[in-house]
Amino acid sequence: MPAKGFLAQSQKDNLQKALKDSDRSQFIQRILMLLLMNDGKTYQEISEFLGCSCRSVAYWCVHGDPDNLESLKDGRRKGNYQKATNEYIKLLMEVIDKEPSELGYEFGRWTTARLATYLDKRTDIKLSGEQVRRILKQKKYAYLWAKYSLEDKQDPIKREVFKEKLLGYLEASKSCPERLQVWFWDESGFSLRVIRRKNWSKKGSSKKVTGQRSRGRVNIMGGVRYHDSKRMCYFIEKGNGEIFYAQLKKLNEFVKKEWVLAGNLESNFSENGPVILIILDNASYHKKKVIIEAIEKELPNIQLYFLPAYSPDMNLVELVWHSAKEYVAHRLFKSVDELKNLLDKLLNQGELIIKWGRKIKNKGNITIAT
């Protein structure tokens, strides 16, 4: 252990100057160890004063050379460690937003290790993947699941025209629902297989759900009315033109019954009842000529308004299916009837609470129409 007053005045002056000039906390701490040791402090007193271990104090007081300040620096700062320059960070920000294929790579996504390797070739600055991760975190980047996008298949002009017309219909239906009702329509399926979703659990562990599978499926066809969020959902064997037409007849009868209960004559419904505008996708059986003709002849109040291609994000009923599947997540149903009874309560009896303004993952690129 060095003795009290072991530092020459020139060594002491150099250490004090370095203490003022440096902004690295560990380097400053090691200089203070030598200066305090020179003042006669013990290892224990120095460790308590600086908030470090006695072992660290002993090491640096013995191995620290007051004539060579480089000896007080961490050896890990040599060799592979190199501080990222502004040019390095700028290039990283450019590369992270590019697809690997644009730069000639066959892999599909960037990891921090791959980024570090690529940037090492470009800049001769070799950082670890962990160091690159810290830089990205400082720049507000996070490693997240990628979202499915349908933008490459969509026609933005048709979508914009449709959206403008739709907003007009929605506004009219809210102000005058006795003249116009807008229903968002679709089909969905619920399997007996357990649906996994995110769940709260302690760090380092995750909630386990049964991997047991039961055979069976419940298919639903139906819609949600815009102005009051009324839902009408029907259980079906499968989706085809005849079943689609049959469910529209049921919907037509439901709206007609409301019309009569409001004090109107049933015989006047076709002529004076509300227009029932159905917003739906482009499934082939929705557009069957025989079905379209039957609707025009037998269900004159119903008008079909087809979504632009690949635009599920504009169909409000998608949020109903998504919310229902979240509700039944992690549940194991013993039979199709048990699942069907719960879905009837959720979808037709109003027990399902829905946050209408939320976004849905994997359903395109904009918020569901609200």
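The values are calculated or read from the model by the stated rules, or taken from the named source; none is laboratory data. Since this is a predicted model, take the numbers as computed values, not measurements. Here the Cβ positions follow ideal geometry from the backbone for every residue, glycine too, while neighbour counts run over all protein chains shown. Protein only, heavy atoms only, side chains kept; ligands, DNA and RNA dropped before computing areas. Shrake-Rupley method; radii C 1.70, N 1.55, O 1.52, S 1.80 Å.
Within segment 20-38, the set of residues being over 18 Å from S56 (Cα atoms) and open to solvent by 50 Å² or more (accessible area, probe 1.4 Å) comprises K20, D21, D23. Within segment 25-52, the set of residues being touching a residue at least 12 places away in the same chain (Cβ under 8 Å), within 49 Å of the chain's Cα centre (by Cα) and outside any helix (DSSP H, G or I) comprises C52 only.
In the set (1) open to solvent by 100 Å² or more (accessible area, probe 1.4 Å); (2) in contact (Cβ under 8 Å) with a residue 12 or more places away in the chain, the condition left unmet by K137 is number (2).
Within segment 101-120, restricting attention to residues that are part of a helix (DSSP H, G or I) and more than 15 Å from A84 (Cβ to Cβ), which residue is most open to solvent (accessible area, probe 1.4 Å)? Residue satisfying both the conditions and the ranking: E102.
I'd like the full set of residues that are at pLDDT below 95 and touching an Asp or Glu at 6+ places or on another chain (Cβ under 8 Å), limited to segment 261-280. If the condition is that a residue be at pLDDT below 95 and touching an Asp or Glu at 6+ places or on another chain (Cβ under 8 Å), then A262 is the only one that fits.
Tell me which residues, restricted to segment 269-309, are of a type outside the set (D, E, K, R) and in contact (Cβ under 8 Å) with a residue 60 or more places away in the chain. Matches in segment 269-309: P274, V275, I276, L277, I278, I279, L280, A283, Y305, L307, P308, A309. One residue alone among G222, G189 is assigned to a strand (DSSP E or B), at pLDDT 95 or above and small (G, A, S), and that residue is G222. Determine whether I220 is open to solvent by 20 Å² or more (accessible area, probe 1.4 Å) and among the β-branched types (V, I, T). For I220, the condition - open to solvent by 20 Å² or more (accessible area, probe 1.4 Å) and among the β-branched types (V, I, T) - is not met.
Going by the structure shown, is L19 free of Cβ contacts under 8 Å to residues at least 60 places away in the same chain, aliphatic (A, V, I, L, M) and in a helix (DSSP H, G or I)? Yes, satisfied. In the set (1) open to solvent by 40 Å² or more (accessible area, probe 1.4 Å); (2) not hydrophobic (A, V, I, L, M, F, W, C); (3) not in a loop (DSSP other than H, G, I, E, B), the condition left unmet by K98 is number (3). Scanning segment 274-292 for residues that are open to solvent by 10 Å² or more (accessible area, probe 1.4 Å) and more than 16 Å from Q247 (Cα to Cα) yields a total of 4. Between L91, L127, the distinction of being assigned to a helix (DSSP H, G or I) and farther than 30 Å from G5 by Cα belongs to L91 only.
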